[in-house]
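Novice: Take a look at the following structure, please.
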Amino acid sequence: MTPRLAVLAVGMASAVGLEAPACCAAIRARIDGFQETRFGLAGGGQLVGAPVPLPEPWRGVPRLARLVAGPIRECLAAERLEAAGVPLLLCLAEPDRPGRPVALEAELREELEVALGGPLHAASRFVAHGRVAAASAVRHASELLAAGTAERVLVAGVDSYLLGPTVAALGGRGRLLTPTNSDGFVPGEAAAALLLGPPGPAPLGILAAGFGVEPAPIESGEPLRAEGLTTAFRQALAAAGITMAGVGWRIGTMSGEQYWFKEHDLAVARLLRGRHAPVDLWHPADGIGETGAASLAVCLVLAFEAARKGWAPGDPVLVAASNDDGRRAALLVAAGGGGR
């Protein structure tokens, strides 16, 4: 539960840019990448989404590979590393996500090796846990570093909701934001990557992780008490030795639906004690849409850039992620290299 890692470099591609500094500057300025897509609505008009402006019109798995290859190269370039020399923990959508390609892992590995110009490290693996995947990947990265398997580990996430079957399934369940449904999200796509190392000098350090399971996930119809996210928060805070009142700001993967904001507020309220100052809550989906398995990595990239450039509204940062299936995760990160 206490990874204690340094974040040495980051990369990102989203609807508002193809490199981490540009993406984070746009998110900070509240610029969005929303536009009409090729998907039509039943009542007329086009669905609004947040596509990434890639230079070529790739589709399907080849598009996902090119999406994430850029952020990975951005990280590797910071220390002049080769992809074959650094284990890659790649976060993907859950196996039961509507529209997910059947053989995603096998096809993506092949396409990614083409995009990166060589084979992946032997210790590379896929983490198909959706929005919470990056937290699981961070935990595994700490194990690889502690075991001496590698001196650096890449954690990356890539996902797209702009797939025909995905749009059809989630639209049919009333999950998408449309002119007739205000309680929905804008489907997006993104990729983000982080180069991790042992505790030491760095713009950002990962101090602790926490995990939980929500017994009343979205669409369950059960009363929400935020038990899963509260557990994740409590674990991360306890491992780092601070209380909720000591958190400087928060970032979350929530993406438009009221459920996620209610859950976050309930979890925070259950852990706050006494008087406390207001704390900023950022949710990058406001500008880049719902990005699924990339969203937690996106939050960490934003925290990194905020710490590196000195515009973070506080310190440390509590980062929260919630899955449709009930899995919850939290990461506590702070300026510096994780050596607190």
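Novice: For the stretch 200-219 and the stretch 258-330, what is the centre-to-centre distance using only Cα atoms, to the nearest Å?
Specialist: A separation of 10 Å, based on Cα centres.
Novice: In a Gaussian network model over the chain where Cα atoms closer than 10 Å are linked, find which of Thr166, Thr253, Thr291 has the largest mean-square fluctuation.
Specialist: Result for the chain, Cα springs under 10 Å: Thr166 fluctuates most.
Novice: Counting only complete DSSP H runs, which helices of the chain cover 18 Å or more along their long axis at the Cα atoms and score a mean Kyte-Doolittle of -0.5 or above?
Specialist: Numbers: long enough: 60-78 (29 Å, 0.68); 133-146 (20 Å, 0.70); 227-240 (20 Å, 0.44); 258-271 (20 Å, -0.44); 295-309 (21 Å, 1.31).
Result, helices passing both filters: 60-78, 133-146, 227-240, 258-271, 295-309.
Novice: Are there trypsin sites (Lys or Arg not before Pro) in the stretch 228-312 that DSSP marks as loop and that have at most 16 other Cβ atoms within 10 Å, and which are they?
Specialist: On the way: sites: Arg234, Arg250, Lys262, Arg270, Arg273, Arg275, Arg308, Lys309; in loops: Arg273, Arg275.
Those that pass, being in a loop and sparsely packed, are Arg273, Arg275.
Novice: Follow-up. Between Ala216 and His276, 0.36 nm times their residue separation minus their Cα-Cα distance comes to what?
Specialist: Using 0.36 nm per residue and subtracting the Cα-Cα distance, I get 18.7 nm.
Novice: I would also like to ask the following. Quick one: net charge of Val86's neighbours, Cβ under 11 Å, K/R +1, D/E -1?
Specialist: -2
Novice: Please give me, ordered by residue number, the GluC sites (Glu not before Pro) of the stretch 78-164 that lie in loop per DSSP and have at most 13 other Cβ atoms within 10 Å.
Specialist: Those satisfying the criteria are Glu79, Glu82, Glu151.
Novice: Can you pull out the trypsin sites (Lys or Arg not before Pro) in the stretch 3-58 that DSSP calls coil and that have at most 13 other Cβ atoms within 10 Å? Can you show the working numbers first?
Specialist: Working: sites: Arg4, Arg28, Arg30, Arg38; in loops: Arg4, Arg30.
Those that pass, being in a loop and sparsely packed, are Arg30.
Novice: How would the stretch 3-99 be classified by its alpha-carbon gyration tensor: rounded, prolate or oblate, with rounded meaning a/c under 1.5 and the a/b versus b/c comparison settling the rest?
Specialist: Judged from the Cα gyration tensor, the stretch 3-99 comes out prolate (a/c at least 1.5, a/b above b/c).
Novice: Between Arg225 and Asp96, what is the FRET efficiency for a Förster distance of 25 Å, r being their Cβ-Cβ separation, to the nearest 0.05? Intermediate results must be reported in sequence, preceding the final value.
Specialist: Details: r = 25 Å, r/R0 = 0.99.
Computed FRET efficiency for Arg225 and Asp96: 0.50.
Novice: Let me ask something else about it. Helix-only estimate, please: 222 nm mean residue ellipticity of the chain, summing -39500 (n - 2.57) across DSSP H runs of length 4 or more and dividing by its residues, to the nearest 500.
Specialist: -10000 deg cm²/dmol
Novice: Within a 10 angstrom radius of the beta carbon, how do Met244, Met254 rank from fewest other beta carbons to most?
Specialist: With the fewest neighbours first, Met244, Met254 line up as Met244, Met254.
Novice: Could you give the distance between the Cα centres of the stretch 77-122 and the stretch 139-183, to the whole Å?
Specialist: Result: 14 Å between the Cα centres.
Novice: Then there's this: What Kirkwood hydrodynamic radius, in Å, does the stretch 5-197 give when the mean of 1/r is taken over all pairs of distinct Cα atoms and then inverted?
Specialist: Numbers: mean 1/r = 0.0577 Å⁻¹.
Taking the inverse mean of 1/r over all distinct Cα pairs, the stretch 5-197 comes out at 17.3 Å.
Novice: Which shape class, rounded, prolate or oblate, goes with the stretch 204-335 when its Cα gyration tensor gives a ≥ b ≥ c as root eigenvalues, a/c under 1.5 marks rounded, and past that a/b bigger than b/c marks prolate?
Specialist: Note, shape of the stretch 204-335 comes out oblate.
Novice: Could you please report the charge total around Leu224, scoring K, R as +1 and D, E as -1 over all other residues with beta-carbon less than 11 angstrom from its beta-carbon?
Specialist: Numbers: positive: Arg225, Lys262; negative: Glu214, Glu222, Glu227, Glu263, Asp265.
Overall, the nearby charge balance is -3.
Novice: Compute the signed sum of charges (Lys and Arg +1, Asp and Glu -1) over the other residues within less than 14 Å, Cβ to Cβ, of Ala169.
Specialist: So the surrounding residues net to -1.
Novice: For Cα pairs less than 8 Å apart in space and 6+ apart in sequence, what is the mean separation divided by the residue count of the chain, i.e. the relative contact order in percent?
Specialist: Relative contact order here is 26 percent.
Novice: Under Stokes-Einstein, with the Kirkwood radius over Cα pairs standing in for Rh, what whole-number D in µm²/s applies to the chain at 20 °C and 1.002 mPa s? Intermediate results must be reported in sequence, preceding the final value.
Specialist: Working: Rh = 19.7 Å.
Result for D is 109 µm²/s.
Novice: Taking the Cα-to-Cβ direction at Thr178 and at Glu105 and moving 7 Å from each Cα, how far apart do the two end points lie in nm?
Specialist: So the two model labels end up 3.5 nm from each other.
No lab work stands behind these numbers, since they all come straight from the coordinates. Values in this document were obtained by computation on a predicted structure and should not be read as measured data. Cβ atoms come from the backbone with ideal geometry, glycine included; neighbour counts cover every protein chain shown.
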